[in-house]
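Only the coordinates and a few stated rules stand behind these numbers; no lab work does. Note that the coordinates shown come from a computational prediction; the quantities given were computed from them, not determined experimentally. We place every Cβ from the backbone using ideal geometry, glycine too, and count neighbours over all the protein chains shown.
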């Protein structure tokens, strides 16, 4: 999966060179981030976690304010991983809620596939290859097209597998470029 992560990251970063018209119509935003595991046991999944994400432009509902935020989620496609961590590829929906002109909040949910341990070995025991994934962020626009965010995400099997459910929880920082 390490090579899959490298290919996925290269593909996402290559997407930055897409023409401006295509980027604005299909790709709404690209983000890169760095973080770490919040598990108290530092011997498990202890490395730095990098991430790369693409957000697909939402369909327009014609609404404004909170109705617009609720009715126009973006599709989030991403990868995360590192040398001493569980790698993940994920897909989900992301709701962006403006708080003020400069600050915003986001929440999202979807699914992930990972290369971690299922029921034995070192690291978190995740029970299933496919997990649920939730995320949240608080961010600030530093310019019209650039934002910085504090992020948190959690992946687990919600006890739907016949196995352990240690889960993965990461917190970190991300930078986003909006097209």
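A few comments on the model shown:
- Here the extension length gained between residue 148 and residue 120 equals 6.3 nm, from 0.36 nm per residue of separation less the Cα-Cα distance.
- For the range 102-179, the convex hull spanned by the alpha carbon atoms encloses 92 Å³ per residue.
- FRET efficiency, 1/(1 + (r/R0)^6) with R0 30 Å, evaluated for residue 91 and residue 61 via beta carbons: 0.90
- Efficiency of FRET from Cβ geometry, residue 70 and residue 160, R₀ 25 Å, rounded to 0.05: 0.40
- Space enclosed by the convex hull of the alpha-carbon atoms of the range 47-153, per residue, Å³: 104 Å³
- Cβ-derived FRET efficiency at R0 22 Å, residue 46 paired with residue 105, nearest 0.05: 0.15
- Take the Cα of residue 84, step 7 Å toward its Cβ, do the same at residue 173, and the gap between the two points is 2.1 nm.
- For the peptides 32-38, 62-68, the ranking by mean Cβ contacts within 10 Å, running from highest to lowest, is 32-38, 62-68.
- The radius of gyration of the Cα set in the range 30-85, together with its Dmax, comes out at 16.5, 50 angstrom.
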